[in-house]
Structure formats: structure tokens, C-alpha cells
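Trainee: Before I ask anything, here is the structure I am working with.
Only the coordinates and a few stated rules stand behind these numbers; no lab work does. Just so you know, these numbers come straight off a predicted model, no measurement behind them. Every residue, glycine among them, receives a Cβ derived from its backbone with ideal geometry; neighbour counts consider all protein chains shown.
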Amino acid sequence: MTPAAAPGAGAPERGPGTGAVLTLGVAVTVPEPYGSAVQDARAGLGDPQARAIPTHVTLLPPTELAAEQLDRVRAHLAAVAAAHRPFRMLLHGSGSFRPVSPVVFVRVEEGAQECRELEAAIRSGPLARELAFPYHPHVTVAHGLPEPVLDLAAEQAREFHAAFTVSGFTLSRFDRDEVWRPWETFEFAEPRK
């Protein structure tokens with residue numbers, strides 16, 4: 001599939017005198033019913049991003065990429081997925097990046113090390129880039145809201161509990177309507193017998 005033909009994707013953005021530029025991200029998608037539960041909680045807190053971002057654990061934050069690099073990136077992601085195996089993820093309890101960043105999150109209690117290994121492998125080669133903050137796997141439940149709302153989000157997230165098997169990761173695209181849309185899934189290699 002070419003970038004312009006991606007389901008639900010708008011036309012790629014263009015800079016002056018340049019080719020198409022895409023904004024991509026890579027993440028572990030939190031499956032149902034947990035993903036919708038987090039989105040519902042975010043919406044209930046008045047978070048305007050609640051429905052624009054599928055519930056996830058980030059492996060590569062928003063990254064701009066020239067469209068002509070997409071095949072190389074896909075090959076890189078396929079190689080990373082082939083080198084990893086499914087793992088168990090447990091999400092439980094809350095945390096916050098305050099006061100550095102106005103973010104409340106659900107903690108990754110199991111699977112954090114596997115996420116760190118994936119993040120390092122993904123953020124190499126054609127996706128090598130610096131990060132603004134050290135990598136910390138988590139599931140955002142509130143971002144950029146007033147302090148009392150962030151306090152409430154932290155209290156509500158304390159009881160959240162989700163356990164599931166992670167069998168791959170998803171490449172997503174940020175479109176002009178400011179919605180993140182899953183674009184392609186990369187499955188891990190089969191578990192060793």
C-alpha cells in the first residue's frame with residue numbers, strides 16, 4: 001500500500017519544494033476491551049485527544065519521514081519484529097511525569113523490559129533519532145489537563161488492570177485531521193517450542 005492509499009489517510013503533507021512528508025509513530029496497541037476503557041476514561045476527564053489516539057504503549061514517538069523512505073522503514077520494522085517474540089504485558093496502577101510534563105499514565109508492570117528492547121531496536125537505522133526525554137513505557141490516561149483533573153485521572157488509574165499477550169506492534173500515521181490511524185501491523189516471530 002502506498003502512503004496516499006492507506007485506509008483513512010489524508011494526502012501527505014508537503015513542505016516548500018520538498019516531497020511528501022509523513023508523521024509516523026510505532027506502538028504496542030492495547031487490545032479491547034482495555035483500549036476503549038482508557039479512551040472512555042480520557043473522554044470522561046475532558047481530554048480532547050481521547051478519541052484521536054488509540055490506546056497504546058509508544059515505541060517510537062511522532063517522527064517525520066520523507067515518503068520515499070517508507071519502504072526502507074517498513075523493511076526495518078519487519079526485521080525488528082522478526083527478531084522478537086511475543087511477551088506478556090501487565091498494565092496496573094498509575095504514575096505521572098509531573099512536574100516535568102503534565103501527563104498521568106497507567107504503569108507497565110510486566111513487559112517494560114521487552115518494550116525497552118523493542119524501542120531501542122526500532123529507534124535505529126532509518127528511524128534513528130534523539131528523544132526529548134528518556135524512554136519510559138507507559139499508557140497515557142491524561143495529558144495537558146488542569147492539575148485537579150490530572151489528580152483525578154491518577155486516582156482513577158490506580159485501579160486499572162489489564163493483562164494480555166503482545167504479539168507485535170503497529171506503525172501508525174498522524175493525519176491532517178490530527179487523528180492517529182493504524183497503518184500496518186508487524187507480527188513477532190513465533191514463540192520458540
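Trainee: In whole Å, what are the Cα extents of the range 48-94 along the three principal axes, biggest one first?
Mentor: 40, 33, 13
Trainee: Starting from the Cα coordinates of the chain, work out the convex hull volume and express it per residue in Å³. Write out the running numbers ahead of the final one.
Mentor: Values: hull volume 24.9 nm³, N = 193.
Measuring per residue, one finds 129 Å³ for the Cα hull of the chain.
Trainee: Taking 0.36 nm per residue of separation and subtracting the Cα-Cα distance, what length does fully extending residue 177 through residue 64 add?
Mentor: Numbers: separation 113, 0.36 × 113 = 40.68 nm, distance 1.62 nm.
Between residue 177 and residue 64, full extension yields an extra 39.1 nm.
Trainee: Further, regarding this structure: Exposure proxy check: 32, 114, 109 ranked by fewest other beta carbons within 10 Å? Let's see the in-between values first.
Mentor: Working: 32 10, 114 20, 109 14.
By the 10 Å Cβ count, ascending: 32, 109, 114.
Trainee: Next question. Most exposed first by the Cβ proxy, i.e. fewest other Cβ within 10 Å, how do 97, 105, 87, 133 rank? Show your work: numbers first, answer last.
Mentor: Numbers: 97 15, 105 24, 87 18, 133 9.
With the fewest neighbours first, 97, 105, 87, 133 line up as 133, 97, 87, 105.
Trainee: If you don't mind, another one. State the extension gain, in nm to one decimal, for the chain segment bounded by residue 158 and residue 133, taking 0.36 nm per residue of separation less the distance between their alpha-carbons.
Mentor: Working: separation 25, 0.36 × 25 = 9.00 nm, distance 2.38 nm.
6.6 nm is the gain from fully extending residue 158 to residue 133.
Trainee: When the Kirkwood hydrodynamic radius is evaluated over all pairs of different C-alpha atoms of the range 67-139, what value in angstrom, to one decimal, is obtained?
Mentor: Values: mean 1/r = 0.0712 Å⁻¹.
One over the average 1/r among Cα pairs gives 14.0 Å for the range 67-139.
Trainee: For each of 34, 135, count neighbouring Cβ atoms within 10 Å of the residue's Cβ, then give the residues from fewest to most.
Mentor: Numbers: 34 18, 135 15.
By the 10 Å Cβ count, ascending: 135, 34.
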